[in-house]
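K.L.:
Just passing along the structure, written as C-alpha cells.
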Amino acid sequence: MKKRNVFIVVSLLTAITGVSIEAHHANSLYDRSTDITISGTVSKWQFINPHAGLWLDIMGENGEKQEWSAEFQGTLDLYRHFKFNKDTFKPGDSITLIGHPARTGGPTISTRIVIFADGSEVDVRSAPD
Amino acid sequence: MSGYRITAKTILLLVGLSAITTVFGQTPELSGVWQSLWGGRGGPRYPTLASPALVNEEPPLTQWGQERFALAKPIHGANPASATESNAAELLCLPMGMPHAYFRPRPFEIIQLPDRVVMLFETDNFWRVIYTDGREFPEIPLHTWNGYSIGHYEGDSLVIETRYFIGWESEQQQRWLDRLGWPHSDELRLIEKIRRIDEQTLENKITIDDPIAYKTPWNSSITFKSRDFELAEFICQELMLSELPEMKPER
C-alpha cells in the first residue's frame, strides 16, 4: 500500500448521460468531460448539505503530502440510495476516488465512484429510479 | 296512492343525490411522497417550466418581463453563469418559491386533511398550506415567497390558485418561476391542477397568469413519481459550514 501516488488517469468519458447530481453547478469549476483517479488516506468527512465533502491526504511521487478535497452530492441522496452517513468515512481509511478534476488544476474533484479499502465500489451518481 | 308516489319520487331523488355526492364528493387520493424526475431517474437532465421540450414556444414576455429576463444569470440553460457570477436566489439559500420548488430534484409530501392540503417540501424544509374550506383570499394581502393558496377538488383533480407572491425586485433580488430565470411579478396568479395519472405518477398542469411579466397566461406541466421513502431534513444553510472550494465562492 505504499503506492499512494496521485495517479491521474484521464479518460475521455463523454457518455455521462443519466447523471443524477443535483447540478448546483452546471458551469462549475469541474471538467465533466474527463475523469481522474486519486488514492489516499481520509483526513475529514463533512456529511452536510447541499454537498458533502471528503478530504484525502495523498503522497505525491516526490514523497510530499498533498491534501485533496472531493465533492459529493447532498446527504439525502447519499443516504437513500447508498446508505452513506456521517460514519461512512473515518480518518485513516484508505480510499480511492474517481471523479471530474477542477478546471483550474487545483487539488479537488467532483466524485463519481468510491472504491473502498476492501475493493467494493459505489457509483455515487447512479441513483436508482 | 298519491302519498306512495311522492314517497317513491322522494326516494329516487335521494338515491340520485346520494349517487352524485358519491361520484363528485369523493376526494382523489393524492397523499404521499413525490419527486420530480431528473436525469438519473428517467427524466430530463433537469426539468424546467419553460423549455422547448415542454412547450412549443417561449413564454410571451412583456417588455417588463424581457428586461428582467435579460438580467437573470441562472446556472443552467443555454448560457449558464458560474456559481460565483449567478444571481439565483437559491445559491444564497433563499427560498425558490412556487412553482420553482417543484423543479428541484428533492421530494415533497402531500398530506390531505378535510379542510386543507399540506405540502411539505424537503428543499429548504418549507411547507405550504392550501385551504380547501371554501374561504376567499384575504382582503389585505401578505406577500410571501410561496404566496397564499386556496383550492378545491374537481373530479380526480385538486385545483389550486395561489396569489400574493413577492415579485421580482432587483438584479440581485431575483424571483424566478424556474431555474432558467423566467421572472414573475407580485401580480402572479398561479393555477395548478394536480391529479394522479396512474398509481405511481402525479401530474401537475400549471398555468402562469402574470399580466406584468407575460402578455397572456401560458401553460406547462410537470410529473412526479411516487416514492416509498420518508422525507428528511435538508438544511441549505449548511453551505456556510462547507470547506469545499466551490462552496466558498468569492462574492
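K.L.:
Within the range B:193-239, can you find the residues that are under 30 Å from A:GLN46 (Cβ atoms) and either without any contact (Cβ under 8 Å) to a residue 60 or more places away in the chain or acidic (Asp, Glu) (or both)?
P.N.:
Once the filter is applied, which keeps residues that are under 30 Å from A:GLN46 (Cβ atoms) and either without any contact (Cβ under 8 Å) to a residue 60 or more places away in the chain or acidic (Asp, Glu) (or both), the range B:193-239 yields B:ASP228, B:GLU230, B:GLU233, B:GLU238.
K.L.:
Just to check your reading of the model, which residue among A:ALA15, A:ALA26 is modelled with pLDDT under 65, of a type in the set (Gly, Ala, Ser) and farther than 23 Å from B:LYS73 by Cα? Break it down into steps so the answer makes sense when it comes.
P.N.:
Working: A:ALA26 fails: farther than 23 Å from B:LYS73 by Cα.
It is A:ALA15.
K.L.:
Can I ask one more? Restricting attention to the range B:142-154, does a residue exist that is surrounded by fewer than 19 Cβ atoms within 10 Å (Cβ to Cβ), within 14 Å of another protein chain (Cβ to nearest Cβ) and farther than 23 Å from B:THR48 by Cβ?
P.N.:
Checked the range B:142-154: no residue is surrounded by fewer than 19 Cβ atoms within 10 Å (Cβ to Cβ), within 14 Å of another protein chain (Cβ to nearest Cβ) and farther than 23 Å from B:THR48 by Cβ.
K.L.:
Turning to a different aspect of this structure: Looking at (1) of a type outside the set (D, E, K, R); (2) touching a residue at least 12 places away in the same chain (Cβ under 8 Å); (3) closer than 30 Å to B:LEU37 by Cβ; (4) within 12 Å of another protein chain (Cβ to nearest Cβ), find the lone condition where A:VAL114 falls short.
P.N.:
Among (1) of a type outside the set (D, E, K, R); (2) touching a residue at least 12 places away in the same chain (Cβ under 8 Å); (3) closer than 30 Å to B:LEU37 by Cβ; (4) within 12 Å of another protein chain (Cβ to nearest Cβ), A:VAL114 violates only (4).
K.L.:
A further question on this structure: Output the number of residues of the range B:61-103 satisfying the condition of being part of a helix (DSSP H, G or I) and out of contact with any Asp or Glu (no Cβ under 6 Å at 6 or more places or on another chain). If you could, list the steps in order and put the result at the bottom.
P.N.:
Here is the first cut: in the range B:61-103, the residues part of a helix (DSSP H, G or I) are B:63-69, B:89-92, B:100-103.
After this cut, where a residue has to be out of contact with any Asp or Glu (no Cβ under 6 Å at 6 or more places or on another chain) as well, the list is B:63-69, B:89-92, B:101-102.
Here the count works out to 13.
K.L.:
Can you confirm whether the range B:67-81 contains a residue that is over 13 Å from B:GLY181 (Cβ atoms) and either surrounded by fewer than 18 Cβ atoms within 10 Å (Cβ to Cβ) or within 23 Å of the chain's Cα centre (by Cα) (or both)? Outline the logic, then answer.
P.N.:
Taking the range B:67-81 first, the residues over 13 Å from B:GLY181 (Cβ atoms) are none.
No, that holds for no residue.
K.L.:
Please state which one of B:SER157, B:SER86 is within 14 Å of chain A (Cβ to nearest Cβ) and among the hydroxyl-bearing types (Ser, Thr, Tyr).
P.N.:
On the way: B:SER157 fails: within 14 Å of chain A (Cβ to nearest Cβ).
Within the list B:SER157, B:SER86, the selection yields B:SER86.
K.L.:
Of all residues in the range B:192-237, which are within 14 Å of another protein chain (Cβ to nearest Cβ) and either buried (at least 20 other Cβ atoms within 10 Å of the Cβ) or in a strand (DSSP E or B) (or both)?
P.N.:
Step one: of the range B:192-237, the residues within 14 Å of another protein chain (Cβ to nearest Cβ) are B:200-201, B:223-237.
Answer for the range B:192-237, where residues must be within 14 Å of another protein chain (Cβ to nearest Cβ) and either buried (at least 20 other Cβ atoms within 10 Å of the Cβ) or in a strand (DSSP E or B) (or both): B:THR201, B:THR223, B:PHE224, B:LYS225, B:SER226, B:ARG227.
K.L.:
Sort through A:GLN73, A:GLN46 and tell me the only one that's in contact with a strand residue (DSSP E or B) (Cβ under 6 Å, 6 or more places away or on another chain) and either within 14 Å of chain B (Cβ to nearest Cβ) or free of Cβ contacts under 8 Å to residues at least 24 places away in the same chain (or both).
P.N.:
Details: A:GLN73 fails: in contact with a strand residue (DSSP E or B) (Cβ under 6 Å, 6 or more places away or on another chain).
Exactly one residue qualifies, and that residue is A:GLN46.
K.L.:
Anything in the range A:55-82 that is buried (at least 17 other Cβ atoms within 10 Å of the Cβ), closer than 24 Å to B:PHE229 by Cβ and of a type outside the set (Phe, Trp, Tyr)? List them, or say none.
P.N.:
Those that are buried (at least 17 other Cβ atoms within 10 Å of the Cβ), closer than 24 Å to B:PHE229 by Cβ and of a type outside the set (Phe, Trp, Tyr): A:GLU71, A:GLN73, A:GLY74, A:THR75, A:LEU76, A:ASP77, A:LEU78, A:HIS81.
K.L.:
Looking at (1) away from every other protein chain (no Cβ under 11 Å); (2) in a loop (DSSP other than H, G, I, E, B), which is the one condition that is false for A:THR96?
P.N.:
So the condition that A:THR96 fails would be (2).
The values are calculated or read from the model by the stated rules, or taken from the named source; none is laboratory data. As the structure is a prediction and not an experimental result, all values here were calculated from the model. We place every Cβ from the backbone using ideal geometry, glycine too, and count neighbours over all the protein chains shown.
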